[in-house]
Amino acid sequence: MRQELLKGLTEEQVAKIKACKNKEEVLKVAKEEGIELTDEQLEAVSGGCFTDSKPAVCPKCGAVNNYTVYSAPNGRGGGQRMCNKCGYIGDF
């Protein structure tokens with residue numbers, strides 16, 4: 001998704017949206033966060049393609065874009081990811 005389409009969202013919301021793998025996940029996050037997406041934003045996320053982001057590569061096992069956003073014990077996202085392949089938790 002082009003970065004300008006994410007203007008007006010908090011850094012935490014942007015991270016959650018970018019972590020989504022498909023349109024359905026984006027819509028779920030938007031609903032949970034109370035985010036209203038424009039038609040242009042919804043069209044841009046069709047298929048889960050974020051054109052200005054680099055692939056996330058796990059530093060431990062090398063898995064590409066195979067992660068979930070890690071939630072800290074207090075329920076707030078820590079900006080870290082958990083690799084779905086090896087379980088590594090950290091920034092990647």
### Message
List the pairs from Lys18/Lys85; Lys28/Lys60; Lys16/Lys60; Lys7/Lys31; Lys18/Lys60; Lys7/Lys85 whose alpha-carbon separation is above 26 Å, in the order I gave them.
### Response
Lys28/Lys60; Lys7/Lys85
### Query
Between Glu25 and Met82, what length comes free when the chain is fully extended (0.36 nm per residue of separation minus the Cα-Cα distance, one decimal in nm)?
18.8 nm
### Query
Under a Cβ-Cβ cut-off of 9 Å, what is the net charge of the residues other than Tyr67 that fall near it, where Lys and Arg count +1 and Asp and Glu count -1?
+2
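Each reported figure results from applying straightforward, stated rules to the coordinates on display, with no laboratory input. Bear in mind the structure is a predicted one, so any value in this text is a computation, not a measurement. A quick note on method: Cβ atoms are made from the backbone with ideal geometry, for glycine too, and the neighbour counts reach across all protein chains shown.
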